[in-house]
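For reference, the structure is listed below as structure tokens.
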Amino acid sequence: MASDDAAGEAWLADAIELANIPILLPVLVQLTGDERWLAAPYLPDRNRGLDDNPSGGLPQEIQAEIRAAALHAILAWRAGAPVALPQPQPELMVRMLSVVMGEEIPPEYGPMLADEAVIATDPRIEEPVTVPPGFRVLIVGAGVSGLTMGLKLGQMGIPYTIVEKNAEVGGTWYENRYPGAGVDTPSALYSFSFSQDHQWSKFFALRDELYGYLKETFERTGVLSAVQLQTEVTSATYDEAEQSWAVTARGPDGATEELTANVLITAVGALNRPKWPAIDGLDRFAGPVIHTAQWPDDLDLTGKRVGVIGNGASSMQLVPAIAERTRSVTVFQRSPQWAAPFELLGVEIAEPLRWLIATVPLYRVWYRLRAGWTFNDRIHSTLQKDPGWEHPERAVNAVNDAHRRFFTRYLERELDGRPDLVAKALPDYPPYGKRILLDNGWFRSLTRDDVFLVTDRISEITEDGVITEDGTTHELDVLVCATGFQATRFLTPMDIRGRSGAGLRETWQDEDARAYLGMTVPDYPNLLILYGPNAQGGHGGSLIGTAEMQTHYLASMLRQMLERGIGAIEARQELHDEYSRRVDAAHEQMIWTHPGMDTYYRNSRGRVVVNTPWRVVDYWQMTRDANLAEYVVEPARALTETG
């Protein structure tokens, strides 16, 4: 036993030497109750950009003092000493995060920070609810949102089934298997609040590890047993008399199956239907034509001339990952992208530090909270249009213009000596007008002799290549379409018909989706939408975080329905319309309505339908508990008839 303790102490000492100094400060405060660690001389410098700020800019002797104190406090905790401040008040949480970041965090974040800290150390489990006989929920989609909703329903004792069109669960992380695929959100943040003990190998997980984490999490929680694979919902019709949904699904053999559910929850996401480019001759190309979201496992690019249409997130991840083994890569760019430097992208987490994150909950909590502020709401205020700003063509305000100068200098350094590439790769729209990308070697890849960036538009595709409008023929062996998804066509291609018989495609005019809180639509009772319109955090954030907020809200709604004997619930038209007006008005003040660029956030009419204009903390407050006064409700008819 003594040898095990000694080994643990040695591991901890090694880990503390690698630990992030600013993060150790709130850990010390909570373990010891001593708030002197939140004052000089221990105050870190301000966290710059996406930098990890490991030393906090503090002198070596101060760092050593902090590390020694942290080692002593954690050893005492491991030996049984209680945590002095297990649940700090919101005001102290704000103060501690302000110290970690070296900047003031607004006070309204206190309740959210305190709640997240509690959940991360003691995951919230839903209390069971009494369910009437025959009541059942159908979830469409077994990605992040669907599986998270299933976990909630299982805890509440509500019978449910999840149907999934693919052969495996995981949604976008099952489908997207192209080389280099991964997240641009830190692993610590792109993870579930109730499953935080995974020892991530990288600060930013690649696809295989993330997919393994998702599958393992839901195997462990039992949700996978409720999933029916290779089953695609084609239509759903609301039955007003029965207060239920009649659902038609197509199975793996092509045969249709009729399902009935009291509540229908869609969790199909927005990034699951590939968008193919409308280019003449695409079907004539003789070699493989693939979409990044449908990457074949047996595709060998060694020695091949590869053409890549598109230069967004998937292209930026793909090209550096394949350039070493191809004969050449030709990128056909529609418009340039802003990319931020980030040294931790692709970097492995040292084993002692992985052990620290996994075994010391307070360090893990503060690592996650710091990542949350850095990658969530920190830049939201800088994305607002300043009507007095003199150069709206290049930026929306003075801070945004400073970001432009910073990113421009970075791009010019990475492409040093290649003014031709600078001219092609430097955007002329404001930074953050499209989601900012993290440079994983993209710019350096463009400088390779065997990588070519083409900005002339494609006029047609032939059997053996691509012809651009300048008349050049680019001979290719493989053509990759990194052209994104049909993101604005929510719930496509399902035919969903509500109380009046109207189809949701008609209600939404195909690509103008609107929903109260992104989750409910008038005339469609008991239809609940996860990752619906205006729910994605374009300024940053984690889709897993959004999924947890929405499933928390819907669990509250379902609990109240069952406890109060409600058979049908739908959004009030006037509140739905007012919410939609607020969303549009907020977007008019934000960068995503800037006319200088195209983005998948907007539909063909120019309306932003994908992103939320709200801060994470705003949406967190909106989704704490469902207020049924905001909905039209009907008593359950079966209960009414039996008295």
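What to note about this one:
- Taking the Cα atoms of the stretch 181-299, the ratio Rg/Rh between the radius of gyration and the Kirkwood radius comes to 1.05.
- Kirkwood analysis of the stretch 1-103, using all unique Cα-Cα pairs, places the hydrodynamic radius at 14.3 Å.
- In sequence order, the stretch 112-123 has phi-based couplings of 5, 4, 5, 5, 5, 5, 5, 4, 5, 9, 9, x Hz under the Karplus curve 6.51 cos²θ - 1.76 cosθ + 1.60, θ = phi - 60°, and Gly or Pro positions carry x.
- From most to least packed by mean Cβ count within 10 Å, the peptides 143-150, 550-557 give 143-150, 550-557.
- Spacing of the two label points (7 Å from each Cα toward its C-beta) at residue 124 and residue 428, in nm: 4.9
- Cβ-derived FRET efficiency at R0 41 Å, residue 577 paired with residue 84, nearest 0.05: 0.20
- Extension gain for residue 18 to residue 402 (0.36 nm times residue separation, less C-alpha to C-alpha distance): 135.0 nm.
- Given their separation in residues at 0.36 nm each and the Cα-Cα distance between them, residue 475 and residue 343 gain 44.0 nm when the chain is fully extended.
- Set 152/434; 165/275; 215/434; 165/304; 202/385 screened for pairs whose C-alpha atoms are more than 27 Å apart: 152/434; 215/434; 165/304; 202/385
- For the stretch 81-146, the set of GluC sites (Glu not before Pro) satisfying both a DSSP loop assignment and a count of at most 13 other C-beta atoms within 10 Å is given as 103, 104.
- Packing-based ranking, highest mean first, of 212-221, 39-48, 24-33 given that Cβ atoms within 10 Å are counted: 24-33, 212-221, 39-48
- Residue-span extension gain [residue 68 to residue 510] - 0.36 nm each, minus C-alpha spacing: 153.1 nm
- The stretch 379-534 - percent relative contact order, Cα under 8 Å, separation 6 or more: 11
- Annotation for the stretch 392-427: chymotrypsin sites (Phe, Trp or Tyr not before Pro) lying in DSSP loop with at most 15 further Cβ atoms inside 10 Å of their Cβ do not exist.
- Rounded FRET efficiency, nearest 0.05, which uses the C-beta distance separating residue 563 from residue 61 and R0 of 56 Å: 0.40
- Sequence ranges 272-280, 616-624, ranked by mean other-Cβ count within 10 angstrom, highest first: 616-624, 272-280
- Sum of side-chain charges, residue 147 neighbourhood, beta-carbon under 13 Å (Lys, Arg +1; Asp, Glu -1): -2
- Cα pair distances in the chain, grouped into 20 Å bins until the bin that holds the longest one, percent each: 17, 49, 30, 3, 0
- In this label model, residue 605 and residue 297 are separated by 4.4 nm, measuring between points 7 Å along each Cα→Cβ vector.
- Inter-label distance, nm, simple model (7 Å from Cα along the C-beta direction), residue 495/residue 444: 5.3
Values quoted throughout were computed directly from the atomic coordinates according to the rules given, and no laboratory measurement underlies them. None of the values given here were measured: they were computed from a predicted structure. Note that each Cβ is placed from the backbone with ideal geometry, even for glycine, and that neighbours are counted across all protein chains shown.
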